[in-house]
Amino acid sequence: MRMMEWMHTLLDWLALPEVGLSTVFVVSLVSATLLPMGSEPAVFGLVSLNPDLFWPAIAVATVGNTLGGMISWWMGLGAHHVVHHLRGKPTPTYQARALSWLQQLGPKACLLSWLPGVGDPLCAVAGYLRWPALPCMAYMAVGKGLRYLAMTSLLLWVF
């Protein structure tokens with residue numbers, strides 16, 4: 001029973017507007033890296049407890065998730081430098097086709113960074129391909145922001 005009381009106290013504390021937004025930021029940032037984690041429940045939880053924080057929560061989650069995507073982009077850029085020095089094996093044909101398709105899209109492919117499973121690695125690939133950081137970040141922000149807006153609105157409407 002004490003565990004349940006502690007959990008309720010923790011959730012009440014995290015739902016406070018001054019703490020909730022920073023929690024949403026951290027969870028959104030970490031979930032955009034290659035760590036398997038979702039940030040939508042944190043955004044939905046905060047907004048369902050504090051409906052007046054709908055737009056601030058969407059904005060904070062978008063910024064955190066975009067910065068997390070840029071961390072993955074930076075890691076991909078670092079991987080490019082390492083692979084460039086260690087290159088020796090030819091690229092398999094399926095990888096060459098995927099890279100060719102991505103090269104045609106360029107930074108616009110970062111609009112898909114919101115997709116589960118492929119979005120986070122896509123940010124790293126964008127860095128690996130040395131796409132310019134600012135356009136990648138802008139496309140990531142648009143895709144991720146629209147996802148948070150759609151998911152949170154849908155969850156609030158359903159629940």
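The values are calculated or read from the model by the stated rules, or taken from the named source; none is laboratory data. Remember, predicted model here, so these are calculated numbers, not experimental data. Heads up, the Cβs are rebuilt from the backbone with ideal geometry, glycines too, and the neighbour counts pull from every protein chain shown. For accessibility, only protein heavy atoms count, side chains too; no ligands or nucleic acids. Shrake-Rupley method; radii C 1.70, N 1.55, O 1.52, S 1.80 Å.
Only one of the values (1) 0.96; (2) 1.09; (3) 1.11 was calculated from this structure for Rg/Rh (Cα atoms, Kirkwood Rh); name its label.
(2)
Of the heavy-atom accessible surface of the chain (probe 1.4 angstrom), what whole percent is carbon and sulfur? Don't skip to the answer; put the middle values down first.
Numbers: 7190 of 9730 Å².
In the chain, the share of accessible area belonging to carbon and sulfur is 74 percent.
At Leu155 and Gln103, where each label point lies 7 Å from the Cα along Cα→Cβ, what is the point-to-point distance in nanometres?
4.0
Could you tell me the calculated FRET efficiency between Trp74 and Val19, based on Cβ-Cβ distance and R0 = 25 angstrom, to the nearest 0.05?
0.30
Which length gain, in nm to one decimal place, applies between Val83 and Leu146 when the Cα-Cα distance is subtracted from 0.36 nm times their residue separation?
19.3 nm
Taking only protein heavy atoms into account and a 1.4 Å probe, give the accessible area per residue of segment 91-159 in Å². Show your work: numbers first, answer last.
On the way: 4080 Å² over 69 residues.
With all protein chains present, segment 91-159 gives 59 Å² per residue.
Normalised by the residues of the chain, what does the relative contact order come to in percent, with Cα pairs under 8 Å and at least six apart?
Answer for the chain is 26 percent.
Please identify, among Met37, Met140, Met70, the residue showing maximal mean-square fluctuation in a Gaussian network model of the chain using a 10 angstrom Cα cutoff.
Met37
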